[in-house]
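Below: the structure, in structure tokens.
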Amino acid sequence: MFEVWKEFRFDAAHTLDAGDQGDPRYRRMHGHSYQVEVWIRGPVSQQGWVMDMGDFEKRITCVAHQLDHYYLNDIKELGAPTMENISAFVWRALIDVQGLSKIVVRRDSAREGCVYRGPDRFSRDGA
């Protein structure tokens, strides 16, 4: 088994409702630069690859265009614009990619990130 990945980057703004106890800075509009890795796991095909990287690039570019330079709160399918929901959004957009194994979302400027490996079978909403 092999794992291959491609990365895309996007910049976007958002606000977060952190509740009464949360940092009030989150409620103000602010932006981040995100790095997203899309990982595929599988055997090598007769062509000698897990997936045609050109086809892979086309698929992730479509997802990147849905996020780049947008106000994330306006994307209904995203929900609250957290790293966790961004990774689940990307997963859902690429669910039909054979061997999809994980999505990694990073915000390097904040030195933080999130790894998502698909819906938890015990989850109520299948996010």
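The numbers here are math on the coordinates, done by the rules we state, and not lab data. These numbers were taken from a predicted model, which means no experiment stands behind them. With ideal geometry, Cβ positions are generated from the backbone for all residues, glycine too; neighbour counts draw on all protein chains shown.
Angle of helix 53-67 to the longest C-alpha principal axis of the chain, folded into 0 to 90 degrees and rounded to 10: 10°. If R0 is 41 Å, the Cβ-Cβ spacing of T82 and M1 corresponds to a FRET efficiency of close to 0.85.
Could you work out the relative contact order of the chain? I mean the mean sequence separation of Cα pairs under 8 Å and 6+ apart, divided by the number of residues, in percent. Present the calculation step by step, with values, prior to reporting the outcome.
Values: 210 pairs, mean separation 35.1, N = 127.
RCO, the chain: 28 percent.
Between helix 83-93 and the chain there is an angle of about 40 degrees, using the helix long axis and the longest principal axis of the Cα atoms. Fewest neighbouring Cβ atoms within 10 Å first, the residues T61, T15 line up as T61, T15.
Starting from the Cα of K102, draw a straight line to each of the lysines and keep only those under 16 Å, dropping any in the same chain fewer than 8 residues away. Once the sequence-local lysines are set aside, what remains near K102 is K6. Each 5 Å bin from 0 upward holds the following percent of the Cα-Cα pairs of the chain: 2, 10, 19, 22, 18, 14, 8, 4, 2, 1, 0, 0.
From least to most packed, judged by other beta carbons within 10 angstrom and beginning with the fewest, E84, E37 follow the order E84, E37.
For H65, H14, the sequence from fewest to most other C-beta atoms within 10 Å is H65, H14.
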